[in-house]
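I have placed the structure first, in the form of structure tokens, so that the comments after it can refer back to it.
All of the numbers you see were taken from the coordinates with simple rules; none came from a lab. Just so it is clear, the structure is predicted and the values come from calculations on it, not from any experiment. Backbone-built Cβ (ideal geometry, glycine too); neighbour counts: all protein chains shown.
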Amino acid sequence: MLCVVIEDTVRCIGERQLSALSTLAAELAGTITGQEVFAAIERGVGNQKDMPCTLTYLFEEDGEQLRLVAKTGIASDHRLHAL
């Protein structure tokens, strides 16, 4: 007997996504400066099951270069950190 239960999977994924967005929104509430936003991003996504590691980059003024502004789950000496 085969019983496919896609409804529960979709519901669980939706709940986890909503929870992640709610956590991030709560951390971002009240931030004003760029540094506060970047710190809130690190706090908001730092303990998410679906995002074990993140790198957030910001374009420089010239629009050509990227600068790492927030990271989670990756050590500062990891090779991905230098990309």
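Brief remarks follow.
- If the chain linking GLU60 and GLN35 were pulled fully straight, counting 0.36 nm for each residue of separation and taking away their Cα-Cα distance, it would gain 7.5 nm.
- With the convex hull drawn over the C-alpha atoms of the chain, the volume per residue is 143 Å³.
- Sparse-neighbour loop sites [GluC sites (Glu not before Pro); the stretch 14-83; at most 11 other C-beta within 10 Å; DSSP]: GLU60, GLU61, GLU64
- Extension gain from ASP77 to SER22, taking 0.36 nm per residue of separation minus the Cα-Cα distance: 16.7 nm
- About its Cα centre, the dipole of the stretch 6-82 is roughly 280 debye, where the only charges are +1 on Lys and Arg Cβ and -1 on Asp and Glu Cβ.
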